[in-house]
Amino acid sequence: MNIKSEAILVMDFGGQYAQLIARRVREQNVYCEIKSYKTTAAEISALGYKGVIFSGGPNSVYADKAPKCDPQLFELGIPVLGICYGAQMMANSCGGEVASSAVKEYGNTEVAFDNTSVMFNSVSENSVVWMSHTDYISKFPEGFKVTAHSADCPVAAMANDEKKLYAMQFHPEVQHTKEGKQMLHNFLFDICNCTGNWEMSSFVTTTIQNLKEKIGDKKVLCGLSGGVDSSVAALLVHKAVGKQLTCIFVDHGMLRKDEGDQVEKVFKEQFDMNLIRVNAQDRFLSKLAGVSEPEKKRKIIGEEFIRVFEEEARKIGKVDFLCQGTIYPDVVESGVGEAEVIKSHHNVGGLPEDVDFTDIVEPLRDLFKDEVRKAGLELGVPEFLVWRQPFPGPGLAIRILGDITEDKLDILKDADAIFREEIANAGLDREINQYFAVLTGIRSVGVMGDGRTYDNTIALRGVTTNDFMTADWARIPYDLLAKVSSRIINEVKNVNRVVYDITSKPPATIEWE
Ligand code: XMP
């Protein structure tokens with residue numbers, strides 16, 4: 001079975017919601033891709049999408065250079081759902097009118113629905129939705145009927161059943177829209193006639209089969225970091241071609257306590273993988289000796305990482321494929337070309353230049369992060385790896401302020417392990433999106449027993465966030481902080497003070513360096 005035989009296209013008009021819409025569609029087991037609003041009707045038709053969804057966007061349809069889709073799209077007979085800006089653009093393109101209102105309608109809004117419309121089948125007559133707009137559809141186009149309205153919005157939704165064109169002024173994809181899931185379900189299954197064949201188990205089986213065909217009897221090389229993406233990518237390839245895959249795990253010595261051993265154990269013992277672990281801590285520490293500047297540390301680690309990887313790869317000789325853990329948000333083209341900048345400076349290294357390979361395999365290229373996790377669980381990856389919180393490539397090096405030594409690493413590893421253990425014991429490890437200890441480089445005076453101490457200060461950092469671009473400091477219960485603090489002071493040598501970071505991002509960043 002080709003699980004991509006049915007797909008929905010989300011056309012990105014520059015809003016922040018295109019990826020969220022795509023995830024909501026996939027949650028209903030329908031495969032979905034995001035492409036620019038510039039994709040032509042001919043391309044859409046040729047690719048055989050079962051339906052198209054227009055995302056919202058920040059523009060007014062009357063603005064200069066307002067993004068518009070190919071008008072032929074409305075004539076294809078393929079179902080289209082316009083959301084927010086997408087709804088206004090549909091109205092405007094099909095002969096209706098859009099006007100600017102003096103007040104912005106924003107937030108939870110009660111809307112009355114015509115639930116004889118297939119779009120709102122099984123939706124309550126009155127239901128709360130999330131609105132966020134200034135412009136509104138003031139006159140609906142010929143051939144359409146109004147299927148929902150609110151006190152301030154005469155056309156909260158409209159439909160042209162004959163042409164299969166549907167529009168909503170509000171956002172069905174956000175959780176505030178109480179029955180948004182049902183509405184998307186109606187669009188996908190009753191209007192687009194999808195069957196819902198996008199399931200992780202079939203993704204895993206099909207991907208393994210495809211990898212087998214693509215790789216044949218050739219050799220694959222993969223850099224394993226212990227992060228969820230590279231782990232799942234490597235495992236898929238391993239299931240497909242077994243020992244034809246060699247993984248190189250460069251342990252730069254700045255991983256969390258025992259992490260290197262855990263990674264090795266999982267992949268060597270549980271999965272019997274061909275894994276080469278390179279213990280390169282000394283090499284990294286000597287390159288980093290005396291270096292305090294954060295960006296310089298990042299650069300040194302990034303470069304050294306690639307050098308070590310290349311040296312190991314050279315020992316293996318020519319390989320045919322390099323396996324990469326690229327995921328969908330890394331490759332999705334954004335509608336207006338702005339949403340991509342975010343992560344680049346964070347990636348350690350990039351592609352090795354000096355490794356002899358002819359092609360790349362990227363088995364996770366189509367998946368969102370939550371889907372990678374599901375695939376990982378399907379494949380039997382242990383939960384601690386699947387749910388591993390994000391960990392920066394340069395590791396603890398950017399959590400030790402100032403220069404790095406083995407002693408400092410030991411202190412930080414021990415303090416961090418206690419913090420993580422207590423967060424997990426309290427059952428907060430999935431609620432707090434990232435949490436760790438920092439060795440601040442501050443020494444301060446304390447008293448222990450009868451003696452004066454002059455020792456290190458550990459800072460604890462915990463944040464809640466959706467996208468890691470902005471974050472709030474986590475409201476960790478005082479009693480839990482107290483327990484962590486007293487355990488760190490008692491169990492970790494050379495620490496006499498523990499503080500908790502109560503700064504959001506912005507203005508601070510999540511990491512201290
Ligand atoms: P900041 O500190 O910029 O972090 O608020 C945002 C997210 O990115 C991670 N981060 C990094 N990841 N290499 C990485 O691979 C890096 O150099 C790096 N710096 C920050 C950070 O842990 C957080 O999840």
### Task
Among DSSP beta bridges whose residues both lie in the chain, state the antiparallel percentage, nearest 5.
50 percent
#### Entry: Under 5 Å, built H, 5+ apart or other chain: amide partners of I276
C247, I248, F249
### Query
Are any of the pairs K214/K268; K35/K243; K239/K287; K104/K145; K214/K297; K35/K214 more than 28 Å apart by Cα-Cα distance, and if so, which?
K35/K243; K239/K287; K214/K297
### Additional length obtainable on full extension of the chain from S101 to S486, 0.36 nm per residue less Cα span
132.8 nm
## Note on the structure
Honestly segment 7-191 on the Cα gyration tensor test (a ≥ b ≥ c root eigenvalues; a/c under 1.5 rounded, otherwise a/b vs b/c for prolate or oblate) is just rounded
### Query
What does the highest-first list of 60-70, 117-127 look like by mean Cβ count within 10 Å?
117-127, 60-70
### Task
Based on the mean of other Cβ atoms within 10 Å per residue, sort peptides 506-512, 48-54 so the most packed one is first.
48-54, 506-512
### Query
From the Cα gyration tensor of segment 162-270, with a ≥ b ≥ c the square roots of its eigenvalues, which class applies: rounded if a/c is under 1.5, or else prolate if a/b is larger than b/c, or else oblate?
oblate
## Note on the structure
Along segment 381-386, Karplus-curve 3J(HN,Hα) (6.51, -1.76, 1.60; θ = phi - 60°) to the nearest Hz, with x for Gly and Pro, reads 5, x, 4, 5, 7, 5
#### Entry: Cross-link reach list, aspartates and glutamates versus K178, counting only Cα pairs under 15 Å and skipping chain neighbours closer than eight places
E110, E125
#### Entry: D354-D330 FRET efficiency (beta carbon distance; Förster radius 25 Å; 0.05 resolution)
0.65
### Task
Mind listing the long-range amide H neighbours of S138? Cut-off is under 5 Å, sequence gap 5 or more, other chains count too, H placed in the peptide plane at 1.01 Å from N.
E97, V98, A99
### Query
For Q434, which sequence-distant residues (separation of 5 or more, or a different chain) have an amide H within less than 5 Å of its own amide H, given hydrogens modelled in the peptide plane?
V463
### Message
Please list, in order along segment 461-478, the HN-Hα scalar couplings obtained from phi with the Karplus expression 6.51 cos²θ - 1.76 cosθ + 1.60 (θ = phi - 60°), rounded to whole Hz, x for Gly and Pro.
### Response
10, x, 10, 10, 6, 9, 10, 6, 8, 10, 7, 10, 6, 6, 7, 6, x, 3
### Message
I'd like the carbon and sulfur percentage of the solvent accessible area for segment 406-500, probe radius 1.4 Å, heavy atoms only, ligands and nucleic acids excluded.
### Response
46 percent
### Message
Residue by residue through segment 258-274, what is 3J(HN,Hα) from phi via Karplus (6.51 cos²θ - 1.76 cosθ + 1.60, θ = phi - 60°)? Round to whole Hz and write x for glycine and proline.
### Response
6, 5, x, 5, 5, 4, 4, 4, 4, 7, 7, 7, 6, 10, 6, 8, 6
### Query
If we sort 179-185, 40-46 on the protection proxy, mean other Cβ atoms within 10 Å, highest first, what's the order?
179-185, 40-46
### Query
Going by a ≥ b ≥ c, the root eigenvalues of the Cα gyration tensor, does segment 114-177 fall in the rounded group (a/c under 1.5), the prolate group (a/b larger than b/c) or the oblate group?
oblate
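The values are calculated or read from the model by the stated rules, or taken from the named source; none is laboratory data. The structure presented is a predicted model; accordingly, all values stated were derived computationally and were not measured. Don't worry about glycine lacking a Cβ; one is built from the backbone with ideal geometry, like all the others, and counts go over all protein chains shown. Please note that ligands, DNA and RNA were not included when accessible areas were found on the heavy atoms of the full protein model with its side chains. Shrake-Rupley method; radii C 1.70, N 1.55, O 1.52, S 1.80 Å.
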